[in-house]
Amino acid sequence: MRGFRGWDDNRTGWGALLGDAVAGPDVPAHAAPARVEDPAGLPAAYIEVGQLDIFRDEDLTYALRLSQAGVPVEFHLHPGVPHEFDGIAFTTDVARRVMADRIRVLSSL
């Protein structure tokens, strides 16, 4: 289902965060950590994404880059769900599992 879209307003989001720096060379790494050349030394990461989410591939790539650099990564790819699935269908089993994982990870900090 490559054509499913759950989020299509990236320009507004990035513009609100970055102003004139959108898509330019001066985007700070804390705003777009995937731009970090060497992610070694970054803190451990918890990354989750739905299989149908338009951010899936960039999340997978970022998790792989972190892992290859020796950064501890907990990664979850949730089958068959789009972006914001946990807000759209918050009573589903997958949304409940996601919330339990988030609580577990946040409680461990």
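The values are calculated or read from the model by the stated rules, or taken from the named source; none is laboratory data. Just so we're clear, the structure is a prediction, and the values are computed from it rather than from any experiment. Glycine gets a Cβ as well: all are built from the backbone with ideal geometry, and neighbour counts include every protein chain shown. Remember, those area values only see protein heavy atoms, side chains included, never the ligands or the DNA or RNA. Shrake-Rupley method; radii C 1.70, N 1.55, O 1.52, S 1.80 Å.
Across the range 19-35, which residue is farthest from the chain's Cα centre (by Cα) among those that are at pLDDT 80 or above and open to solvent by 30 Å² or more (accessible area, probe 1.4 Å)? Full working, then the answer.
Start the filter on the range 19-35 by keeping residues that are at pLDDT 80 or above, which leaves 19-22, 24-28, 31, 35.
If we keep only those that are open to solvent by 30 Å² or more (accessible area, probe 1.4 Å) as well, we get 19-20, 22, 25-26, 28, 35.
Details: Gly19: 21, Asp20: 23, Val22: 19, Pro25: 21, Asp26: 21, Pro28: 17, Arg35: 14 Å.
Per the stated criteria, the residue is Asp20.
In the condition set (1) under 21 Å from Leu42 (Cβ atoms); (2) modelled with pLDDT of 95 or more; (3) not hydroxyl-bearing (Ser, Thr, Tyr), Glu58 is compliant with all but (2).
What pairs come up if the first residue lies in the range 77-101 and is in contact (Cβ under 8 Å) with a residue 40 or more places away in the chain, the second is β-branched (Val, Ile, Thr) and outside any helix (DSSP H, G or I), and their beta carbons are under 8 Å apart, counting only those six or more places apart or on different chains? That search, which allows pairs on different chains as well, returns His83/Ile54; Phe85/Thr92. Within the range 42-52, being within 19 Å of Val105 (Cβ to Cβ) and more than 9 Å from the chain's Cα centre (by Cα) holds for Leu42, Pro43, Ala44, Ala45, Gly50. Within the range 14-28, residues that are in a helix (DSSP H, G or I) have Cβ atoms under 9 Å from residues that are open to solvent by 60 Å² or more (accessible area, probe 1.4 Å) and of a type in the set (A, V, I, L, M) in these pairs: Trp14/Val22; Trp14/Ala23; Gly15/Val22, counting only partners at least 6 apart in sequence or on another chain.
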